[in-house]
Amino acid sequence: MSLLYDLKPNDYIMFMLHICIGSLGAGKSKDTVSGVLVNGAKLSGTTNGVRIKTWQGGSGYASNIRFQNIEMSNVTYPIIVDKSYCDQDKPCKEQSSAVQVKNVVYQNIKGTSASKVAVKFDCSKNYPCQGIILQNINLEAEASGESVEASCNNVREIQIGAVTPSCT
């Protein structure tokens, strides 16, 4: 599947909506997504900003994805890859298979985070996220005087230009 979302500068997404690729691999399915471009969006007051969500136990891939020129205001999780999605109260049993997330570019993303964790890569041990590029990222805390951080598990990424917060 190949998608192109070329949002115009005045397009505005708000109220608990976000830009999400997923749910991939639900019910141990094989899913493939490639060639996605999200260019230009403003998100305000959403739970997630740009998200890739996959279930454990699935297979396939999400690759060659680009999120660029995005502004966020008071977004709880501005950048998130959740490769271990689980919709039950107790933790799901870790599976040996997973959807591969690779070659994803986050470029020119700025704004404010409503939570301490503004960038979250929760990738699997057996299938780490690969080829993740963060370029010119500037995410700050919505609350004055607070700071934000990145949580990066099992991700192989490259940072170009100023990246705040960073995985390293």
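The values are calculated or read from the model by the stated rules, or taken from the named source; none is laboratory data. Only a predicted model underlies this, so the values are computations on that prediction, with no experimental measurement involved. Every residue, glycine among them, receives a Cβ derived from its backbone with ideal geometry; neighbour counts consider all protein chains shown. These accessible areas exclude ligands, DNA and RNA; they are computed on the full protein's heavy atoms, side chains included. Shrake-Rupley method; radii C 1.70, N 1.55, O 1.52, S 1.80 Å.
Computed over the alpha-carbon atoms, the chain gives an Rg to Rh ratio of 0.95, Rh here being the Kirkwood radius from the mean inverse distance. Per residue, region 9-134 exposes 45 Å² of accessible surface when a 1.4 Å probe is rolled over the protein heavy atoms with every protein chain present. Pairs over the 29 Å Cα-Cα cut-off, from the set LYS28/LYS110; LYS30/LYS110; LYS30/LYS125; LYS90/LYS110; LYS30/LYS116: LYS28/LYS110; LYS30/LYS110; LYS90/LYS110; LYS30/LYS116.
Using the Cβ-Cβ distance between ASN64 and ALA26 with R0 set to 22 Å, the FRET efficiency from 1/(1 + (r/R0)^6) comes to roughly 0.55. Exposed loop sites here mean GluC sites (Glu not before Pro) with a DSSP loop assignment and at most 13 other beta-carbon atoms within 10 Å; the chain contains its longest site-free run at 1-93. The apolar share of the surface of the chain, taken as the fraction of accessible area on carbon and sulfur atoms (1.4 Å probe, ligands and nucleic acids excluded), comes to 47 percent.
Note on ASP31: accessible area is roughly 40 Å² with a 1.4 Å probe, heavy atoms of protein only.
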